[in-house]
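A short worksheet on the structure shown next.
The values are calculated or read from the model by the stated rules, or taken from the named source; none is laboratory data. Everything numeric here is computed off the predicted structure, so don't read it as measured data. Note: ideal-geometry Cβ built from the backbone for every residue, glycine included; neighbour counts use all protein chains shown. When the accessible area is computed, the model is the full protein with side chains, heavy atoms only, and any ligands, DNA or RNA have been set aside. Shrake-Rupley method; radii C 1.70, N 1.55, O 1.52, S 1.80 Å.
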Amino acid sequence: MIKPKVGRMFLATCVGSFFILILYFQNISRSASEQFSGQNSFSIKSGRSPLQTLQENDQLEQSAVQATLQGRRELLEETCRTHTRKRRVLGSEDLRHLIVDDKHKLLYCYVPKVACTNWKRVLMVLTGDGRYREPLAIPANEAHVVGNLRSLSEYSTAEINQRLRTYLKFVFVREPFERLVSAYRNKFTRSYNTAFHKRYGTKIIRRHRVDPQAEALEKGNDVSFEEFVYYLVDPQTQREEPFNEHWERVHSLCHPCLIHYDVVGKYETLVQDSRYILKLAGAEGEVKFPAMSKSTRTTGDMAAKFFNNISPFYQKKLFNLYRMDFLLFNYSVPAYLKLR
């Protein structure tokens, strides 16, 4: 591996099957990018990678979208500097949420409940060698089948390092409590999600409901939002096992203070941010990001109603649990919370 310029890149050092990702907060310089591009065996039609295109765009007069995205990167880096004290060792398991598109040199960290189904569909079109043509024609369950898309965790350490250096890395985030309420609604109020009811609902009811009925203990299909909150803030929950990915914090899924994301897209600006990424990848002619349905999406007003019955004590505990996601991605404290 070529040694990067000091302060411009992170150092990835092999430790058995692990590698150390040292925090870095400077953008990769154009000269460094050009140096690495000669080591990359993959190419796209334009001859430039999406990362090189982004870096060139950063040097030009910026559009409103480019300026917004650069501002998000800078704020994320500053927040990481301020709030991160320890270096972390990441294993391959930590990279399983990073999806690889070698053809277009993209790394996408998927976050459940942040349009990840549609982004997986788009990547299946881009990497499917013609098998898929229209994202919405791909069934949602097929988009989540393991093996349809490659994870960065499947590569060797050298291949991982090379992709982290030279591919465009992007993630999409969402207001943390809107995402949380969306996860609750989808996993605990839909009759078809029996696997979640059995796996998590029965446990939540057994621990956090007074005098539960036998049917509820067996089916776990009527968990209240209050009980879900009690489960999340209960210290025993994470002592037993990690959070499910649908309510795990984004910073724990995608490690944004260790992996430098070139684009931080937001659910609130999903269409324009997605269009910009596809343009950087030279793929806007291959696929169009699906329009978002607004009829069933969880909004801030809807989230506020779910928090009506949560006491200030538990509101504060829950906010502290998700605090880093609020800070890292510049989301304000919801007005409906009673934290004092």
Q | Every pair of residues 6+ apart whose Cβ atoms lie under 7 Å, when the first sits in segment 187-203 and is among the charged types (D, E, K, R) while the second is in a loop (DSSP other than H, G, I, E, B) | A | Lys187/Asn193; Lys187/His246; Lys198/Gly220
Q | Flag if Val171 is touching a residue at least 60 places away in the same chain (Cβ under 8 Å) and not in a helix (DSSP H, G or I) | A | yes
Q: From the list Glu245, Glu178, pick out the single residue that is touching a residue at least 60 places away in the same chain (Cβ under 8 Å), open to solvent by 20 Å² or more (accessible area, probe 1.4 Å) and touching a His at 6+ places or on another chain (Cβ under 9 Å).
A: Glu245
Q: Identify all residues within segment 67-98 that are basic (Lys, Arg), open to solvent by 50 Å² or more (accessible area, probe 1.4 Å) and under 21 Å from Leu168 (Cβ atoms); write none if there are none.
A: Arg96
Q: Looking only at segment 190-209, count how many residues are exposed (fewer than 14 other Cβ atoms within 10 Å of the Cβ) and part of a loop (DSSP other than H, G, I, E, B).
A: 3
Q) Assuming Asp222 fulfils every condition listed in (1) open to solvent by 10 Å² or more (accessible area, probe 1.4 Å); (2) part of a helix (DSSP H, G or I) apart from one, which condition is it? A) (2)
Q: Report yes if some residue within segment 271-285 is touching a Pro at 6+ places or on another chain (Cβ under 7 Å) and among the hydrophobic types (A, V, I, L, M, F, W, C); otherwise report no.
A: yes
**Q.** Enumeration of residues in segment 298-334 that are in contact with a helix residue (DSSP H, G or I) (Cβ under 8 Å, 6 or more places away or on another chain), in a loop (DSSP other than H, G, I, E, B) and either free of Cβ contacts under 8 Å to residues at least 24 places away in the same chain or open to solvent by less than 80 Å² (accessible area, probe 1.4 Å) (or both)
**A.** Thr298, Thr299, Phe307, Ile310, Phe329, Tyr331, Ser332, Val333, Pro334
Q) Can you tell me which residue in segment 262-298 is farthest from Asp129 (Cα to Cα), limited to those that are out of contact with any strand residue (DSSP E or B) (no Cβ under 8 Å at 6 or more places or on another chain) and acidic (Asp, Glu)? A) Glu268
Q. Restricting attention to segment 251-261, does a residue exist that is open to solvent by less than 30 Å² (accessible area, probe 1.4 Å), aliphatic (A, V, I, L, M) and in contact with a strand residue (DSSP E or B) (Cβ under 6 Å, 6 or more places away or on another chain)?
A. yes
(Q) For segment 137-152, check the following and say yes or no: at least one residue is more than 18 Å from Ala115 (Cα to Cα), of a type outside the set (S, T, N, Q) and part of a helix (DSSP H, G or I). (A) yes
Q) If we keep just the residues of segment 107-140 that are more than 20 Å from Glu268 (Cβ to Cβ) and touching a residue at least 60 places away in the same chain (Cβ under 8 Å), which is most open to solvent (accessible area, probe 1.4 Å)? A) Leu136
